[in-house]
Amino acid sequence: MTPESFETGFATHSRAAYRSAWLPRAVGALGFAVLTAVGARLAGPLPGTAVPFTLQAAAVLLAGFVLGPRLGAASQTLYLAAGLAGLPVFAAGGGAAYLLGPTGGYLLAFPVGAAVAGLVAGRWNGLPGLFAGGALGVLAIHAGGVSWLALAVGQAEAVRLGAAPFVVADALQIGLATLVAWRARDAVRRLLG
């Protein structure tokens, strides 16, 4: 076998394997978009802020951990597209106006948060990598959210209302996502191809 025929055979095999894996990957992206929508409905108020606490961050992190950076970000883009189309997938409904509201920056940062979580966890294996990926993914979400909120209320007030009250809740979500991914990531990846 010549090097050229080997490379051609490998490329053909890789393309065929990718084509056969598209359906499980699409189902995975759709599944994590739905999980994020469910996380939006598991919401509650936090003292000192009008921004609700939801379990969306855990779903975003899990998308990145399990699907990887690109597909995890794609799942969150699909989630945003569903909300933009008017489906009631956000904490209090759906539609473009919701994304333009004071919490829109958090939502718009979900694809970045999933990509960051997946990238870091993929490069630094084990529990420390998952936890670091989760922490950086949540920081990416808050960077988008606080920046957006600051346009309406100023930077200091945005940090006070949109980040500080969530420190403990986000730490719990990072821990939850880390433990779930640690237990289930390999099984789900085998299932998704």
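The values are calculated or read from the model by the stated rules, or taken from the named source; none is laboratory data. Every value quoted in this text rests on a predicted model; they were computed, and no experiment measured them. Positions of Cβ are generated from backbone atoms using ideal geometry, with glycine treated the same way; all protein chains shown enter the neighbour counts. Heads up: the accessible areas ignore ligands, DNA and RNA and are worked out on the full protein's heavy atoms, side chains in. Shrake-Rupley method; radii C 1.70, N 1.55, O 1.52, S 1.80 Å.
Summary of computed values
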read-out: For Ala121: the one exception among (1) at pLDDT below 95; (2) within 16 Å of Gln173 (Cα to Cα); (3) out of contact with any Leu (no Cβ under 6 Å at 6 or more places or on another chain); (4) not charged (D, E, K, R); value: (3)
read-out: Filter result (of a type in the set (Gly, Ala, Ser) and more than 12 Å from the chain's Cα centre (by Cα)) within region 116-134; value: Ala121, Gly122, Gly126, Gly129, Ala132
read-out: Count of region 81-115 residues which are more than 11 Å from the chain's Cα centre (by Cα), of a type in the set (A, V, I, L, M, F, W, C) and closer than 20 Å to Leu55 by Cβ; value: 7
read-out: Helices (runs of 4 or more DSSP H) enclosed by region 21-115 - at least 1 residues per element that are open to solvent by 40 Å² or more (accessible area, probe 1.4 Å); value: 69-84, 96-100, 104-108
read-out: Any chance Ala158 is assigned to a helix (DSSP H, G or I), open to solvent by less than 20 Å² (accessible area, probe 1.4 Å), touching a Ser or Thr at 6+ places or on another chain (Cβ under 8 Å) and over 18 Å from Leu55 (Cα atoms); value: yes
